[in-house]
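First the structure, in the form of structure tokens, and then the observations on it.
The values are calculated or read from the model by the stated rules, or taken from the named source; none is laboratory data. Predicted model, so just to flag it, every value in this text is computed and none were measured. Neighbour counts run over all protein chains shown; Cβ positions are idealised from the backbone, glycine included.
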Number of protein chains: 2
Amino acid sequence: MHNFDYTTPTRLIFGKDCISKLPEVMSGFGKKVLLTYGGGSIKKIGLYNKVRELLSGYGIVELSGIQPNPKYDPSVLDGVRLCKEHDIDVILAVGGGSVLDCSKAIAAGALYDGDPWDLISYKVKAKAALPIVDIITLAATGSEYDCGGVISRTDTNDKIGYIDEHLYPAVSFLDPVYTFTVPKNQTAAGCADAMNHIMEQYFCEDSSLLNDGFMEAGLKSLMVNAEKCIADPEDYNARAEMMLACTYGCNGIYALGNSQSCWPCHGMEHALSAYYDITHGEGLAIITPRWMKHILSAKTVDRFVKYGVNVFGIDSGLDRFDIAEKAIQATYDFFLSIGIPMTLREVGIDESRIGEMAHHVAENEGLENAWAPLTEKDIAEIFTASL
Amino acid sequence: MHNFDYTTPTRLIFGKDCISKLPEVMSGFGKKVLLTYGGGSIKKIGLYNKVRELLSGYGIVELSGIQPNPKYDPSVLDGVRLCKEHDIDVILAVGGGSVLDCSKAIAAGALYDGDPWDLISYKVKAKAALPIVDIITLAATGSEYDCGGVISRTDTNDKIGYIDEHLYPAVSFLDPVYTFTVPKNQTAAGCADAMNHIMEQYFCEDSSLLNDGFMEAGLKSLMVNAEKCIADPEDYNARAEMMLACTYGCNGIYALGNSQSCWPCHGMEHALSAYYDITHGEGLAIITPRWMKHILSAKTVDRFVKYGVNVFGIDSGLDRFDIAEKAIQATYDFFLSIGIPMTLREVGIDESRIGEMAHHVAENEGLENAWAPLTEKDIAEIFTASL
């Protein structure tokens, strides 16, 4: 087991009507709030009005229109400007992981004098950040319980995972009822995203019985509950369990003491969604089984055997490579069964920019250091197999 | 799933030689330190000298001799007095869970003007506590990652679990090497304690696939690794995994959203160790299978089936009560196999005070509200079956 240094200081306030605690929570942070949100779904479900009502008496400045795969320009830059102009005390992010990711970059940029890209690109280390509170309306990214966010820069096709220990939300509100209206395709993509967060950590050089058991439980819980949420979008217990299972995705708790992993599927998918702005979870679902197939070897097969037997219940008496191949097929079949388009062409990506994307990934994501190292050629082959 | 409000702000610094970070950590809390420890085992393993060396330049006041089942008088009272006399900034607890539990009560008492028992007995709610840093030398209680501690008062035979959100350690250092010298019987008792923490949460009215999977992984990891630690006390990976698995025991993460449980085996065991000062983990191991047998019924059998199939691999095709009984027997057999004395007589307890203890438990522990409610008569019967 490797040494580690771990904290997740975020307070999770979870369950039906939990945002009634919002005034009590916000009173600890000052009166000037930047309220961030996306395209307006929070208005449709009545959450926007509820928040404004709960925070009457606060000075609220709004940043709306934050997109999926949130953009450095204009969203992060606008948010930083608003924080500085209005001397904001705290950011309240209401929406999915993209709104929260964007808000994290804003929180750091607001207390930095230079170009916020210096921070996101790790040229400069943040010394502080504004406090962040969030109300999550989509079960997927786990951003509500970690200190990272992914920011896209359209002018350079960069999509960077920006991680800094100042960026843990102070408080995350999770009311499963707000996810009842998430459409089936977004529910499925959220499940694929959360499952891939676990897989990125599961497929590694060395793990423990404890961590493996936690991760296998996470995967099984996500599969069972995503199916239930898709069958009945208002199944409270299924929405709740899926929401909780997503929360652990990226804060490191699944891999304490494991060898460090460099998240190869995320590295590859970031290029797809940076170049084509596709839904992150769908990109991950498409890539994952092709990546698995590509890296299956005598060196990696035993992890796939463990995964196949413990997650999918495949007969442990079969040949090792048989089990691994069945496990990979089961992964593909599950994503297909919850309605995810399982080819790149279906999400509007053809072969034309594969070389360029593979080059970008190879240059920027360090996948030569992955558990199963990937060269530019490997990456291009995985993209091609995903067409 | 039930609503919950959860945080564990403690920073875990884990692994071989991790205490080299002690000076950096302590520099954040001020220069006046109360160093708390037990009977001197930290001197034998060289940890005491190492700590003194790392903290040269600090003003260190010592409270030593803290016993297992730590005592209100003299330990808590002495610690509070020292903190007030010396205007202590931070408590550094070095040892097992008892030293840390005692230090938590001291941390709260140090910032309270009245009798510290007011706090421990919940007559008065603490408004603040001194910061606590710990270096853990025994894998067992999970106190390093929760905000509770158990304090015994010999004059009244009270043993109270004192929980307050001010009592999370700021930082916990966990170096598995410091557990190499823990004797086999203490290793086994630590395993039983940590397993029972999970069982107290597993056997409940409603849980989720996710939480159940986490808890089943915790139980399996503890069993496998305790056996390895007993076979080879210097097996680093086994000591490390056991240490990590113990850490999650009492901070609530295993039971987020589950129905609240009132920890019946702990309620009963607290009387045994309050009246007879036995080793807590041994008392739990003795009681647990007898409690299981006592509460097995048509209402509870399905949880025991899940436990038996998922933790012990019992054939799920058998009759439900057969599976449950095999699971209970397997629990007993495991504790016996790691060398735990599995009868009360072996730890010096006879029938003479069973009535008195059962009355004390029934009056103070609220076990009539347990998942499987226990009356004074039930408690006496479980004690008698444990003789």
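So, restricting to strands (runs of 3 or more DSSP E) that lie completely within the range A:112-210, which ones have at least 1 residues that are closer than 30 Å to residue B:246 by Cβ and not assigned by TED's automatic domain parsing to the domain that holds residue A:372?
So the answer is A:148-153, A:158-163, A:171-174.
Tell me, yes or no, whether the range A:301-312 has at least one residue that is of a type in the set (Phe, Trp, Tyr), in a helix (DSSP H, G or I) and either closer than 17 Å to residue A:386 by Cβ or within 14 Å of chain B (Cβ to nearest Cβ) (or both).
No - not one qualifying residue is present in the range A:301-312.
Among the candidates B:189, B:217, which residue alone is over 13 Å from the mean Cα position of the chain (by Cα), surrounded by 24 or more Cβ atoms within 10 Å (Cβ to Cβ) and at pLDDT 95 or above?
Of B:189, B:217, the one residue that is over 13 Å from the mean Cα position of the chain (by Cα), surrounded by 24 or more Cβ atoms within 10 Å (Cβ to Cβ) and at pLDDT 95 or above is B:217.
Among the residues of the range B:58-87, write down those that are in contact with a Leu (Cβ under 7 Å, 6 or more places away or on another chain) and surrounded by fewer than 22 Cβ atoms within 10 Å (Cβ to Cβ).
B:60, B:61, B:62, B:78, B:82
Which residues, taken from the range B:333-371, are crowded, with 19+ Cβ neighbours inside 10 Å and small (Gly, Ala, Ser)?
B:358, B:362, B:370
Kindly indicate whether residue B:231 is surrounded by 24 or more Cβ atoms within 10 Å (Cβ to Cβ) and at pLDDT 95 or above.
So residue B:231 fails the test.
Which residue out of A:156, A:187, A:179, A:141 is out of contact with any strand residue (DSSP E or B) (no Cβ under 6 Å at 6 or more places or on another chain) and within 14 Å of chain B (Cβ to nearest Cβ)?
The match here is A:179.
Regarding the range A:178-185, can at least one residue be identified that is closer than 19 Å to residue A:291 by Cα and out of contact with any Ser or Thr (no Cβ under 6 Å at 6 or more places or on another chain)?
no
Does the range A:36-46 contain at least one residue that is away from every other protein chain (no Cβ under 14 Å), crowded, with 18+ Cβ neighbours inside 10 Å and among the β-branched types (Val, Ile, Thr)?
yes
Report yes if residue A:241 is without any contact (Cβ under 8 Å) to a residue 24 or more places away in the chain and either within 7 Å of chain B (Cβ to nearest Cβ) or in a helix (DSSP H, G or I) (or both), otherwise no.
Answer is yes for this residue.
I need the full set of residues from the range A:24-35 which are away from every other protein chain (no Cβ under 14 Å) and without any contact (Cβ under 8 Å) to a residue 60 or more places away in the chain, in order please.
Scanning the range A:24-35 gives A:27, A:31, A:32, A:33, A:35.
Tally time: how many residues in the range A:329-387 are part of a helix (DSSP H, G or I) and among the hydrophobic types (A, V, I, L, M, F, W, C)?
Going through the range A:329-387 one residue at a time, the tally reaches 16.
Since residue A:216 meets every condition but one in (1) more than 9 Å from every other protein chain (Cβ to nearest Cβ); (2) within 24 Å of residue B:243 (Cβ to Cβ); (3) of a type outside the set (A, V, I, L, M, F, W, C), which condition does it not meet?
Unmet condition: (1).
Take residue A:277 and decide whether it is within 11 Å of chain B (Cβ to nearest Cβ) and at pLDDT below 95.
no
Which of the residues that make up the range B:246-263 are farther than 11 Å from residue B:210 by Cα, in contact with a Leu (Cβ under 8 Å, 6 or more places away or on another chain) and within 10 Å of chain A (Cβ to nearest Cβ)?
Once the filter is applied, which keeps residues that are farther than 11 Å from residue B:210 by Cα, in contact with a Leu (Cβ under 8 Å, 6 or more places away or on another chain) and within 10 Å of chain A (Cβ to nearest Cβ), the range B:246-263 yields only B:247.
Scanning the range B:273-300 for residues that are outside any helix (DSSP H, G or I) and over 23 Å from the mean Cα position of the chain (by Cα), which turns out surrounded by the fewest Cβ atoms within 10 Å (Cβ to Cβ)?
The qualifying residue surrounded by the fewest Cβ atoms within 10 Å (Cβ to Cβ) is B:298.
Among the residues of the range B:6-41, what is the count of those that are of a type in the set (Phe, Trp, Tyr) and part of a helix (DSSP H, G or I)?
So the answer is 0.
Whether any residue in the range B:112-123 is within 18 Å of residue B:7 (Cβ to Cβ) and of a type outside the set (Val, Ile, Thr) is what I want to check.
No, the conditions are met nowhere in the range B:112-123.
Among the residues of the range A:249-270, is there at least one that is assigned to a helix (DSSP H, G or I), modelled with pLDDT under 95 and buried (at least 21 other Cβ atoms within 10 Å of the Cβ)?
Scanning the range A:249-270 turns up at least one residue that is assigned to a helix (DSSP H, G or I), modelled with pLDDT under 95 and buried (at least 21 other Cβ atoms within 10 Å of the Cβ).
Sort through A:98, A:121, A:152 and tell me the only one that's surrounded by fewer than 21 Cβ atoms within 10 Å (Cβ to Cβ), among the polar types (S, T, N, Q) and touching a residue at least 24 places away in the same chain (Cβ under 8 Å).
Residue meeting the stated conditions: A:121.
Considering only residues of the range B:219-234 that are closer than 21 Å to residue B:41 by Cβ and in a helix (DSSP H, G or I), which is farthest from the other protein chains (Cβ to nearest Cβ)?
Once the filter is applied, the top-ranked residue is B:230.
Tell me, yes or no, whether the range A:2-23 has at least one residue that is surrounded by fewer than 17 Cβ atoms within 10 Å (Cβ to Cβ) and away from chain B (no Cβ under 11 Å).
The answer is yes, given that some residue of the range A:2-23 is surrounded by fewer than 17 Cβ atoms within 10 Å (Cβ to Cβ) and away from chain B (no Cβ under 11 Å).
Out of the residues in the range B:42-73 that are free of Cβ contacts under 8 Å to residues at least 24 places away in the same chain and in a loop (DSSP other than H, G, I, E, B), which is nearest to residue B:183 (Cα to Cα)?
This residue is B:46.
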